[in-house]
Amino acid sequence: MVKAVSTTSSQITLLATLLSASMLLWADDTLETINVTADAEESPITTGEVEHSEFTGVHKSIDKDQLKRRDVALADLLAVEAGVQVRQVGGIGSFASVSIRAANSNQTAVYLDGVKLNSGSRASIDLSVLELLNVESVDIYRGSSPLQLGHGSIGGAVNLTSLTAKDKPSTRVLFGGGSFSTRRLQASHQSRIGRWGVVGAIGKLNSENDFRFVDGNGTPLNALDDTRQPRHNAAVEQNAALLRTSYRWNADSDTKVLFQVNNKDLGVPEWRNAEDNNASYATDDQQLQLTHSINDVGNWNSSLTFFQHDADSHFDDREKGVSLAERDSYSDSTTRGSKFYAERIGERGTLGITGELRKEELASRDEILDFENYAVERDALSAAVQYAWFNQRGNLLITPSINYQSISDQYKGITRRNETTQSNQKVSPQLGALLEVNSRWSVRANVGQYYREPAFYELFGSRGLIRGNENLRPESGTNADIGFSYQPSSNWKLDATLFASDRTDLITTVYDTIGLGYTVNAGHARVLGLELEHQWRSANGLTAQVNLTVQDAINLSNNQAINKNTLPGEAAMSGFARIAYKQPRYRVWAEAEVKTDRFYDEANLLPAKDTFLQNIGLDWYWQNAQTSLAINNIGNDIVEDFNGFPRPGRAFFLTTTLNF
Amino acid sequence: MTLIFNPAKWHSRNSLSSLLVVGTLGFLSACSSSDDSAPATDTGLAAGQYAFVAAAAGGAGHIERYSLADNTQNGTYPSTLTDLRIATDGSSIYEIGRFNIDTLTKYDINDTSTPLFQYSVNGDETQANPYEVIFVSDTKAYVIRYGSPKIWIIDPSVGAMSESEFKTGELDLAAYDTTGAPNASGAVLVGDKLFVLMERLDASFAPSMVGYVAVFDTTTDEQITTGKGTDGLPGIALSTLNPSTIQYLEASDEIYVTGRGNVFASPGVTGDLYQGGIETIDPTTYAIEMLLDDGTETENNGFFSSALVVSPSVGYLITNTAPDPTTFESFDTLRSFNPTTGILAAEPVAGLVDTKVSNLHVAPDGLVWVGIPGDAPGFNIIDPSTNMIVGEFLATTLAPLDVVFVEVPATAAE
C-alpha cells in the first residue's frame, strides 16, 4: 500500500528485470549474459491528481463500461451509486443536481480535472451540461474529500476527469436515437504524436422530450379530469466540444491544456403543461484550464493550474408562460484563478500542500424588471495542508489535514440595496485513518469539518418577493464515518460504511406575514446512515453490483411543524442492483433502482411516490463496431423528483459506435 | 344558546387578512353547549361549534378541524401546497387552492378524507389563482380569481362527477387592467350586489395604480355603473394603493377596504410609500371616504396590513413595520380603532406588539381570533370589549392562514 517513491516506469521495469535476471543467475550460473535495454514508455505525470493510495475516505470510481453508455446521462450514472441521490426536473437535458449523504446540491462540490465548478453564482451544478462524451473517469468522494481537490464540501465531491490521450491512437464515431425523437451524434479522436498528446471530441444531442404522461390537472383527488398528454415545450438541443492537448517536456514535466464548451437550449414546461407556453432556458458554458506539472525538484512534485470558467444563461419568459411576470433574465458569470499543488514524498509519508486563489464575478440582469439587476465580485482564497503518514509495515495510513478558506464579496448594482461588502474566514480540520488488517480486510475512519459559502443569490439576490441577506454566514457541517472493506479475491468486494453528519447554520428562506421572503441561517440537520456496496465478477464474464443506502436525514428546527422531519427530497432507502454478462461478441445487462420514503416538503405531508425502475440492455460487438440497445424504465413509471415535474416513462435507445 | 344563521346569505372569508364578514340576517349567539353529553347528530360530529383552519408550513398545507367544545384538533384534511384559504356556505367547507394549486375542493365537515368535489378553476387559462368564493345561494357562487380578469360563476351544489355543470358563467373585469389581470383579491355580498376588490398591480407587481371596487348585480350578473370611477371605468376608484381586504358590516351598513400602500417599496411607484389606509364605501350610494389614513413616511404607525371590523365601535388593524433595510424582516402590531370615528387607539393590544400576526377573524361567540405564525403557531383570542387576550392559546399544527366556523346543530329529536 505504500506509495512508490516517484520514479519512471522504465526504472521499475529495469529493476524488475535486473531482479529477475539476478535470480536466474543465482539459480543457474550457466545462463548466458542477458542484455537489458531500458526503453520503456514514459508513465503519465499525475501530480495534482487525486492519489487514492493516500486517501482514507470513501471513494468510488464509476465503471468505465458504464461511462460508455449513451442511453443515459452523467446524472443517471451517479444516481445509482451508494450514498448519492440525483434529482432531475424533467426529460433528457433538463436540470439535474447531485447530493451526497443527504447534503443538498449546493453542498456537493463538482470538479473538472480537479478544479471546482461550483461558485458563488452557481452554487448548484447542473449535471446536464456536463457531457459524458468528454469524460474519462468519474470519481465520487463521500463525506470527506481528498487533499488534491482542495476545499471539499459538506456532502462530498464528484471529480470528472476529462479524456486523455493514449499511446494507441483511436477515433470513435457514434450515432443513435431513440424515444421522444432523441438523436445523438458524437465523434472523438485521441492520439500521441511525439511529445504531443491530443484529444478532441464533439457531440450533438437533440430531443423533443415529448414523453407522454398522465396530467392530473392539479386535482389529485379527482381522477376524472386526468388526461394523457405529451409533455409540451420540453425540447432540448445541446452541443458540446472538447479539446485537450498535452506536451511532455521530459520525463518529469508536462503541460496540459483543456478547453471545453457546452451550449444548450431547453424549453421550460409549464406547471400544468400548457401548450402555448414558450418559455426557454439557454446556457453557454466554457472551461479553459492549463496545468503545468513538474516533478523531482528538490524532492518536490508540483503542479500549477490556471483556469477560467464562463457560464452564461438566458431565461426567456416574455410571454409569462411559467412566471407570474414577464421575464427576460440574463446571468453572466466568470470564475478565474490559479491552483497550486505540491507534495514531498518521504520515507514514511507524503506532505501535501494545496492552495487556490479565485475571482468570481456575476452580472445578473433582467431586461424587463431592471430594477432588480445586480453585480457581485468574490475574491476567494483557500489553502490546505495534509500529511499522509504510513507506519513501518505500510498497512496503516493516517492523514491529518487542516483547511483554510477566506472570501470577500463586493456587491454592486442598482437594486434596493446600497453597495456593500462582506467577508469571512474559516479554518477546518480533518483527520482520516485507514488500516489494512490483512490482505482481505481493511477498516477506515474519517472525521472533518466543512463549510459552504453562501451563494450570491442568497446574499444579494432580490427577485419578486424574495430578498437576499448579506449577513449570511457559511453553512457548517461536521462529518464522520467508519467502515470496512472486505475483498477476499479480485473478483469479490464488499464495502460497508456508517456515516453521520451534523449541519448547522443552514441557509433557508423564511417568509413574514406580508409574504416577503428572506434568507437566514436558521437550518439545522442531522444525518445518520449506512452504505453497503457489493461487487462481484466471475471468470466467465458475469458481473454483479448491488448498492444499498439507508439514511435518517432529519431537520432539527424550532418550528414544530418540521422538527425531526425527514429532509425534503431525500429517500430513506435507496438501492440499486445490476447484473451483466459479457462475452467477446455481446453483453447483456439488467439493472433495477429503488427509492422509498421521500417527501417533497419539510412538513412531510406530501410524500413522493416510491419508485422501482428497471432497465435492460444489449451490446453487440462486431469488428470495429458496437451496437447498443437499451430499454429504460421498462415499467413505464412516471417519477417526479420535483413535485409536479414528471420524468419520462419507458424509453428505447439504439446507438452504434464505430471505432477506428 | 341558539345559533341562527342563513346559509343563503352567508358571506365567505376574504383574502389575506381573512376577514369574516358578519352580514348574516341573524345574530351569532354564544356557542352551543360544551357538555360531552351533547347528542350526536346525523352528520357524525357531535353537536357544537367547529373551527376549520387553513394552515401551512414547510412547503405543505392542509385544513385542520377543531372542536370549540374543548379547543382540540380532531381531524385534518388531505394535504396540498401552501397557498390555501377556506370558505364555508354554512354546512360544507371549501378549500381554496391558490397559487400553483388553482383548485376548489368541497368537503363534508365530517369526512376529512374524501372530497365532495375537487375541480380546477383554470379552465383554458393557467395560474388562475383563486382568492375567494362568495356564496349567493345553494346553487350559485362566485370564484374570485387573482390571476385572471374573469370571475367564475359556479354551482357549488354539483357532485364529484359533474364538472361540466360546475361552471355556469363569467364576469369580466378586463377593463380595469392592461396586464391581463386586475388582481381581484376579494369580494363581499351586500344584498343583491357583489362588490369585487381589485389591487391593479402592474407587470412588475407594483401598485402603480389605485385599487378599484367593481359592482355587479347578482340577479343579472351585469356590472353596475357607480359613477365613482375615473377614465370611464364603471367601478369605484379607491384613493389607496394595494388594497388587501374588503369587508361588509351590516350593523353599520358600510363596506371597509384596507389599502397597504407601497408596502414592498416597489421602485416603480412614485411618491410616499404610505399611500394606504382604511376607506369606507356606502353600498347604496357608492360614496367613498377615507376613514383612517396610514400616515406618511415621517409619521406613521406602520403599513396597514389588514383590518377587521367587529362592530360599529370596535375594529382591529394589523400594522406592519417597514422591512429592515439589511435583513428585510418586518414585524406586526395589533391595534384597535373605532370604525365610526376612524380614531386609532393610543396603545396597541397588549402582548401583540412587534411580533408576528397574520390574520384576524370573528368567532361565533364574538371573540376575535388572531392568527400567530412561526415556530409555535396558533391563535390568540381577544375579547373586544376589553382588548385583552383571554383564555388559552389555541395551538395549531401548522401556521394558520384562514379559519371558518361551522355549527353542527343538535338533531331534531333533541
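The values are calculated or read from the model by the stated rules, or taken from the named source; none is laboratory data. Keep in mind the model is a prediction, meaning the values are calculated, not measured. Here the Cβ positions follow ideal geometry from the backbone for every residue, glycine too, while neighbour counts run over all protein chains shown. Accessible surface is based on the protein model in full, side chains and every heavy atom, while ligands, DNA and RNA are left aside. Shrake-Rupley method; radii C 1.70, N 1.55, O 1.52, S 1.80 Å.
Quick notes on this one:
- Over 20 Å [Cα-Cα, the range A:352-456], rounded percent: 58
- Estimated inter-spin distance, B:Ala346 and A:Leu224, nm [label 7 Å along Cα→Cβ]: 6.2
- Protection proxy ranking, peptides A:98-109, A:133-144, average beta carbon neighbours within 10 Å, highest first: A:98-109, A:133-144
- Exercise: per-residue mean of other protein chain Cβ atoms within 10 Å, B:119-131: 3
- Distance between the C-alpha centres of the range A:239-262 and the range A:636-660: 32 Å, rounded to the whole angstrom.
- Buried between B and A is an accessible area of approximately 3800 Å², summed over both sides with a 1.4 Å probe.
- Calculated from backbone phi, Karplus (6.51, -1.76, 1.60) coupling profile of the range B:355-363 in Hz, x at Gly/Pro: 9, 10, 10, 10, 7, 10, 8, 9, 7
- Packing, taken as the mean count of other beta carbons within 10 Å per residue, orders the peptides B:130-136, B:247-253 from highest to lowest as B:130-136, B:247-253.
- Put simply, the C-alpha atoms of the range A:114-257 give a gyration tensor, and the ellipsoid matching it has half-axes of 40, 24, 10 Å, longest first.
- Among A:His52, A:Trp622, A:Ser207 the positive-end extreme of the charge dipole of the protein assembly as shown (Cβ point charges): A:Trp622
- Fluctuation leader among B:Gly259, B:Gly232, B:Gly302 - chain B, Gaussian network, Cα springs under 10 angstrom: B:Gly232
- Distance between the range A:533-569 and the range A:146-224 - C-alpha centres, whole angstrom: 25
- Estimated inter-spin distance, A:Glu367 and B:Met161, nm [label 7 Å along Cα→Cβ]: 5.2
- Here A:Leu528 and B:Ser113 are evaluated by their C-beta separation; at R0 = 30 Å the FRET efficiency comes out at 0.35.
- Each Cα pair under 8 Å and six or more residues apart adds its separation to the average, and for the range A:84-226 the resulting relative contact order is 17 percent.
- Test item: A:560-571 mean partner chain Cβ contacts at 10 Å: 3
- Here the peptides A:576-587, A:546-557 are ranked by packing, the mean other Cβ count within 10 Å, and the order with the highest first is A:546-557, A:576-587.
- Rh (Kirkwood; distinct C-alpha pairs) - the protein assembly as shown, Å: 32.2
- Structure-based [θ]222 nm, the protein assembly as shown - -39500 (n - 2.57) summed over DSSP H runs of at least 4, per residue, nearest 500: -1000 deg cm²/dmol
- Solvent exposure of the range B:7-408 amounts to 33 Å² per residue of accessible area, where only protein heavy atoms count and the probe is 1.4 Å.
- With the simple model of a label 7 Å out from the Cα in the direction of the Cβ, B:Glu289 to A:Asn471 spans 4.5 nm.
- Apportionment of accessible area to carbon and sulfur, the protein assembly as shown, percent (1.4 Å): 55
- Calculated log₁₀ intensity ratio I(q)/I(0) where the Debye formula runs over C-alpha points of the range B:7-408, q = 0.06, 0.07, 0.13 Å⁻¹: -0.21, -0.29, -1.09
- Sites A:Ile616 and B:Asp231, calculated FRET efficiency, Cβ-Cβ separation with R0 56 Å, nearest 0.05: 0.25
- Shielded residues, the range B:164-207 - accessible-area loss of 10 Å² or more between chain alone and all protein chains, probe 1.4 Å: B:Thr179, B:Ala203, B:Ser204, B:Phe205
- Surface accessible to a 1.4 Å probe, per residue, for the residues of chain A, Å²: 43
- Per-residue shielding of B:352-365, expressed as the average number of other chain Cβ atoms within 10 Å of the residue Cβ, stands at 1.
- Contact-buried residues of the range B:309-345, at a threshold of 40 Å² lost accessible area versus the chain by itself: B:Thr326, B:Thr327, B:Phe328 (1.4 Å probe; DNA, RNA and ligands ignored).
- When the other protein chains are added to the chain by itself, burial of at least 10 square angstrom of heavy-atom accessible area (probe 1.4 Å, ligands and nucleic acids ignored) affects these residues of the range A:588-615: A:Asp601, A:Glu602, A:Ala603, A:Leu605, A:Leu606.
- Cα gyration tensor, the range B:297-414 - rounded (a/c under 1.5), prolate or oblate: oblate
- The Rg/Rh ratio for the range B:197-237, using Cα coordinates for both the radius of gyration and the Kirkwood hydrodynamic radius, is 1.06.
- Within chain A: Cβ-based charge dipole about Cα centre, in debye rounded to nearest 20 (Lys, Arg +1; Asp, Glu -1): 1020
- Note on A:Arg393/A:Asn558: beta-carbon distance plugged into 1/(1 + (r/R0)^6) with R0 of 60 Å gives a FRET efficiency of 0.70.
- Length-normalised contact order of the range B:324-405 in % [C-alpha pairs under 8 Å, at least 6 apart]: 21
- According to the Cα-based calculation, Rg over Rh for the range A:539-604 is 1.30, with Rh computed by the Kirkwood formula.
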